[in-house]
Amino acid sequence: MVIPFPNRKLAAILILSAIAVSNFCLPVMADARIATSSQVFFEKNGEPYNDSVSFTVTCYGFTYTYTDPDFRKYLSGEYEKRAPGSDNQTEVFSYSATVDHYGDEIFEPFYLNYRVIDYCSLCGETGGIEFYIDNVSGTPGSNCSYRSLPVKYRYNDDVCHMPTEQYKSCMDEQNEQQAQERKLCDQYLEKFDKKKLYPADARTLEKSGVTMVITPEYDACQERADSIDLNCSCFLEDVSCRDITDPEGTPIQRDCSLFFEIPAYENGTIIGTTIGTDTEIPVIHAEPGIVYRNNFWIELWEKFVYPLLSKNS
């Protein structure tokens, strides 16, 4: 069917708009928060440190967008990290946490999209002493791995359905049978004929460079293929969601292990600055269940913010 010029122009505008919107929205669709469980291991003089530690990890580098010509290189990690103090390095990510013992668990999701990180530093406090570790790592989330089997989870339900190896094998078999059935559906496709008049709602698809018309028989065949069900859900294991979710109730998808060495002298004394006992240490809530204490914020308030407010009042 030939589209009249005014409608053709409108159709072109709509198509271009759809492409623009899809390109704009695509990164957002894959931009989900990844619930993560991390075990944190602080050591001192090579030995496990079991006292409470409050700390902040700050990472430096630069940010980018998907319009950057090198964004694929950044996504794959195929770029050369720059040395600390290089030009154009800014703070691009930080998180704060408090752990009470060696191997304690935190739930920082490490949202690092659109960031290129060159290095990270750590500022911590324990036993009234602040310490600093420069260039502690090249990434805030290290030694991470994804859980192999996704959790079947229903919100507002305390029961989560944990996939088992039997469930995975069953789903593989089901997907294979559905794929084989879909191949048989190709026999119901008709080769597009330019001389033939088709209904206005006719749909087509490309097969090996040939335009094929989708028939009702093809649609019915596809539905039969999708309806193949081997009842794999019987192999799901019911568990309490509280055992496999973060504090926000999101099923944990990734596990990390974070190792830090507290700087200390040979006699075991921590290399750092003693916090004055007459100074109240503020509490900064960064994430649910995560607290960071540091007198840096008091100094910032007293030296910069308060004088500025007094001057303007």
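The values are calculated or read from the model by the stated rules, or taken from the named source; none is laboratory data. Only a predicted model underlies this, so the values are computations on that prediction, with no experimental measurement involved. Cβ placement follows ideal geometry from the backbone for every residue including glycine, while neighbour counts extend to all protein chains displayed. Please note that ligands, DNA and RNA were not included when accessible areas were found on the heavy atoms of the full protein model with its side chains. Shrake-Rupley method; radii C 1.70, N 1.55, O 1.52, S 1.80 Å.
Taken over the Cα atoms of region 152-239, the convex hull encloses 133 Å³ per residue. Distance between the modelled labels on Asp201 and Val159, one decimal in nanometres: 4.0 nm (7 Å Cα→Cβ projection).
Put +1 on the Cβ of every Lys and Arg and -1 on every Asp and Glu Cβ in region 152-239; which of His161, Ser227, Gln180 then has its Cα farthest towards the positive end of the dipole? Towards the positive end, the residue furthest out is Gln180. For the listed peptides 96-109, 114-127, 132-145, a ranking on the average number of other beta carbons within 10 Å per residue, highest first, reads 114-127, 96-109, 132-145. Give me the net charge of Glu223's neighbourhood, meaning all other residues with Cβ under 13 Å from the Cβ of Glu223; Lys, Arg count +1, Asp, Glu -1. Summing Lys/Arg as +1 and Asp/Glu as -1 gives -3. Taking other residues whose beta carbon is less than 12 angstrom from the beta carbon of Asp243, and scoring Lys, Arg as +1 and Asp, Glu as -1, yields -3.
To the nearest 10, the accessible area of Arg182 is 80 Å² with a 1.4 Å probe. In sequence order, region 173-188 has phi-based couplings of 5, 5, 5, 5, 5, 5, 5, 5, 5, 5, 4, 5, 5, 4, 5, 9 Hz under the Karplus curve 6.51 cos²θ - 1.76 cosθ + 1.60, θ = phi - 60°, and Gly or Pro positions carry x. A simple charge model with +1 on the Cβ of Lys and Arg, -1 on the Cβ of Asp and Glu and nothing else charged puts the dipole of region 152-239 at about 720 debye relative to its Cα centre. Counting only Cβ charges, +1 for Lys and Arg and -1 for Asp and Glu, the dipole size of region 66-170 around its Cα centre is about 620 debye.
Give the relative contact order (percent, whole number) for region 152-239; include only Cα pairs under 8 Å separated by 6+ residues.
Value for region 152-239: 45 percent.
Counting only aspartates and glutamates at least 8 places from Lys44 when in the same chain, those with an alpha carbon closer than 17 Å to its own are Asp100, Asp104, Glu125, Glu130, Asp134, Glu261, Glu266. Heavy-atom surface analysis with a 1.4 Å probe gives region 84-129 a carbon and sulfur content of 43 percent of its accessible area.
Each of the peptides 263-273, 54-64 was scored by the mean count of other Cβ atoms within 10 Å over its residues; in descending order, highest first, they stand as 54-64, 263-273. Rounded to the nearest 20, the Cβ-based charge dipole of region 82-237 about its Cα centre (Lys and Arg +1, Asp and Glu -1) stands at 1060 debye.
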